[in-house]
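In what follows, a structure is listed as C-alpha cells, so that the remarks can point back to it.
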Amino acid sequence: MDEKECGIEELEHMFTNESSKPIRISYSAIKSITKNFYREIGCGGFGTVYLGALRNDFMVAVKKLRIISPSQEDLAEKQFLVELKFLKTVKKHKNIVRFLGYCAYRNRLVMEVEGEDRLVDEPAGMFLCFEYAPNGNVHDYLQGKTHGHEWSIRYKIIKGICQGLRHLHQSQIMHLDLKPANVLLGAQMEPKITDFGVSRNNITQFTIETNSRMGTLGYMPPEWIDGGKISFKTDIYSLGIVMIILLRGSNEIFPENVRIIYLNFLTPVFIIFSIFLDYTVQRRRSHVRTLTPMNTRTQTLPPMSISEGLSR
C-alpha cells in the first residue's frame, strides 16, 4: 500500500475509533481527498479551507495555510507550528472541533539562476485536517435568513461555547480569538470552537503582558488593546460579545466605540458574575466539620475555577 492509500485509510479509521490521535498525512493523500483542492468552503486571515471526502462517505475540512510571499514564509511556518502545538494539546471535547491530522510538504524545482541551473525550494505547503462541520459557522448562521434564529438554537450555541471554553481553560489554554467566525456548527447545530493560531497554554501567571495584538478588534478587551495584558478574562470578554451578538440575532452590533458595550453591558455583567463567583467559592472553601465521639475532623473542599462557574 502506497503512502497516499495508507494516509486515507488511517483517516477513515479515525472516524470509527474516537480515541485515535492526530496523524501525519501525506501531501498525495491531501490532494486526493480534496480532489486537488477543488471546493473551497472557507477563507480567513491565515488560510483557505477546502472540503475533503473519504471513501466511507465521511467528510473532512482541510485548512491550507496561506503564504503571501517568500519573505513571509518563516512567519507562516511559525504560525503553523503554533497552531499544531495547541491542536495536539487540546483533549477531545464535543464543543471543540476535532483535529484529525497535519501535513507539511516542500517541493524542489530546477530553475535557472544567474545563467546556471539550480535546485530551488518551492514555498512550503502546510495543511491541517479537521472534522467537517456542515452548518458553517455562527457568523454565517446569523447572516442567513433561512434559520429564523430560533431561541432554542441560539441558547444551545451559547451553552456549547461556554462548555467548550471551560474545557480549554481547565486545560490551561487561552483561546484569544473567540468570535462567531471561529465557532463552527455541526450537523445538529452543536457549536465547535476552532482556530488556535494565536492561543497560549501552560499559563503560569494569571495575567500576561504581550506585545502581540493578533486578536480581532471588537472582541479584544481594552486592557489588551491599550496595555497588552491578556488573561483567561480575555476569553470571557470575547464570550460576552459573542453572547450579545447571538442574543440580538445579528452580526451588526458594534457602535462606533466598542467600549460603550464594555461600559454599558459587560462591566455590570462581570461585576455580578464576580460577586456570584466569590460567594460560591467562599461556600466551597468553608470547612465542613464532622463531629465524632473521639475527635473532630475538618474537610476542606477544593476551590472552584472561573471556568467552572461560567458553565454552571
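All of the numbers you see were taken from the coordinates with simple rules; none came from a lab. These numbers come from a predicted model, not from an experiment. Here the Cβ positions follow ideal geometry from the backbone for every residue, glycine too, while neighbour counts run over all protein chains shown.
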Checklist line | Packing rank of 236-247, 18-29, where each peptide gets the mean count of other beta carbons within 10 Å, highest leading | finding: 236-247, 18-29
Notebook entry, point to check: Taking 0.36 nm per residue of separation and subtracting the Cα-Cα distance, what length does fully extending Phe37 through Leu247 add?
Noted result: 72.0 nm
Checklist line | Exceeding the 32 Å Cα-Cα cut-off - candidates Lys21/Lys229; Lys4/Lys159; Lys64/Lys179; Lys91/Lys233; Lys63/Lys156 | finding: Lys21/Lys229; Lys4/Lys159
Note to self: What does the net charge come to around Gly160 if you take all other residues with beta carbon closer than 10 Å to its beta carbon, with K and R at +1 and D and E at -1?
What the structure shows: +3
Checklist line | Listed peptides 187-200, 76-89 by packing density, highest first (mean Cβ within 10 Å) | finding: 187-200, 76-89
